Amino acid sequence: DGGITQSPKYLFRKEGQNVTLSCEQNLNHDAMYWYRQDPGQGLRLIYYSQIVNDFQKGDIAEGYSVSREKKESFPLTVTSAQKNPTAFYLCASSMESPDEKLFFGSGTQLSVL
Amino acid sequence: QKEVEQDPGPLSVPEGAIVSLNCTYSNSAFQYFMWYRQYSRKGPELLMYTYSSGNKEDGRFTAQVDKSSKYISLFIRDSQPSDSATYLCAMEDSNYQLIWGAGTKLIIKP
C-alpha cells in the first residue's frame, strides 16, 4: 500500500536533548512538508522540501532542522533550542507543490519529560 | 486577528441531522479552499477542494464558498457516527502556502 509512514507514534524528550522524527513516503511524491499541530491552533508549517537536497523554512522553523537526502525520506530534528516542543507533528507529501493534494502521515506526539 | 477563523466546537448533533461547518477569513486573495477531516490522533485527509466562489457536491458533502462575504461552509447530509471527527478548513495564499483553521470538533450521537 502506498502512503506516508511516521515513526515513532509517541516520543518523549528530555531537556537539552535533540530528537529526530522519521517520515518516509512511497508515493513517489516530489514535495514533503512538516507541520506542527497544537490544541486550538491551525496547522503551522515548519519546513518543506520540493526536491532532493533542497528545503525551505516555514513559519516556525526556529529550533528545528531537516534533511532531504532521498526523495522518500524527510526527517525532522527537534533541537534543544526549541523550548516548547510538546505538540503533534504531521508529515505530508504532494506530487508537486503547491496546488496538489496533501497526503498526511498518522503523526508523532512529542512530549517533554 | 487570525487570517482564518473557525469555531472549535464541539458541535454535537443527532445521527441523520444536516451539519453545517464554517470558516471565515480576512485575506481576499485566497483562491483555493479545502476541507480536511481528521480523526483523533491521525493525519488529516482531504474531503473537498474548491476554487473561487460557488458550490461543489460529493456524495453527502457539499462545499460552499462565498468570496464576497469571505465565508466558506461544509454541509454534511444524513450525518453518521463515523462522521465524528475534527474538520479543518484550509486556504491557499498568493505564495501557494496553506493557511489552516484551528478545526471544529464534530460529534454525531447515535
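Every number in this text was worked out from the coordinates using simple rules, so none of it is lab data. Computed from a predicted model, the values in this text were never measured in an experiment. Positions of Cβ are backbone-derived with ideal geometry, glycine not excepted, and every protein chain shown enters the neighbour counts.
At 0.36 nm per residue, minus the direct Cα-Cα distance, what do residue A:30 and residue A:100 gain on full extension? Give it in nm, one decimal, please. Write out the running numbers ahead of the final one.
Numbers: separation 70, 0.36 × 70 = 25.20 nm, distance 1.07 nm.
Gain on stretching residue A:30 to residue A:100: 24.1 nm.
Magnitude of the Cβ-charge dipole of region A:1-84, K/R +1 and D/E -1, about the Cα centre, nearest 20 debye?
On the way: 10 positive and 10 negative charges, 54 e Å.
Charge dipole of region A:1-84: 260 debye, to the nearest 20.
Bin width 10 Å, origin at 0, all Cα-Cα pairs of region A:37-93: what percent of pairs per bin?
Computed distribution, short to long bins: 22, 55, 21, 1.
In this model, which of A:71/B:42; A:14/A:101; A:71/A:101; A:101/B:109; A:101/B:67 are farther than 25 Å apart at the alpha-carbon?
Values: A:71/B:42 23 Å; A:14/A:101 36 Å; A:71/A:101 18 Å; A:101/B:109 31 Å; A:101/B:67 22 Å.
Too far apart for the 25 Å limit: A:14/A:101; A:101/B:109.
Whole number please: convex hull volume per residue, Cα atoms of chain B, in Å³. Can you show the working numbers first?
Details: hull volume 10.5 nm³, N = 110.
Per-residue hull volume (Cα only) is 95 Å³.
For region A:1-45, count the residues as N, evaluate 2.2 N^0.38 Å, and divide the Cα radius of gyration by that value, please.
On the way: Rg = 13.2 Å, N = 45, 2.2 N^0.38 = 9.3 Å.
With N residues counted in region A:1-45, Rg over 2.2 N^0.38 Å equals 1.42.
Given labels modelled 7 Å from the Cα in the Cβ direction, how far is it in nm from residue B:94 to residue B:109?
Label at residue B:94, label at residue B:109, 4.7 nm between them.
Taking the Cα-to-Cβ direction at residue A:69 and at residue B:77 and moving 7 Å from each Cα, how far apart do the two end points lie in nm?
That separation, rounded to one decimal, is 5.3 nm.
Using the beta-carbon distance between residue A:10 and residue A:84 and R0 = 22 Å, what value does 1/(1 + (r/R0)^6) give for FRET efficiency, to the nearest 0.05? Present the calculation step by step, with values, prior to reporting the outcome.
Numbers: r = 18 Å, r/R0 = 0.81.
Between residue A:10 and residue A:84 the formula returns 0.80.
One quarter of the convex hull surface, Cα atoms only: what value does that give for region B:1-41 in nm²? Intermediate results must be reported in sequence, preceding the final value.
Values: hull surface 17.5 nm².
Average projection, Cα convex hull of region B:1-41: 4.4 nm².
Jot down the per residue volume, in cubic angstrom and as a whole number, of the convex hull over the alpha-carbon atoms of chain A.
Working: hull volume 10.8 nm³, N = 113.
For chain A, the hull spanned by Cα atoms encloses 96 Å³ per residue.
Can you bin every Cα-Cα distance in the protein assembly as shown into 10 Å intervals starting at zero and give me the percent of pairs per bin, rounded to whole numbers?
The percentages, shortest bin first, are 8, 33, 35, 20, 5, 0.
Evaluate the distance, in nm, between pseudo-label points positioned 7 Å from the Cα of residue B:20 and of residue A:113 along their respective Cα→Cβ axes.
Once both label points are built, they end up 5.1 nm from each other.
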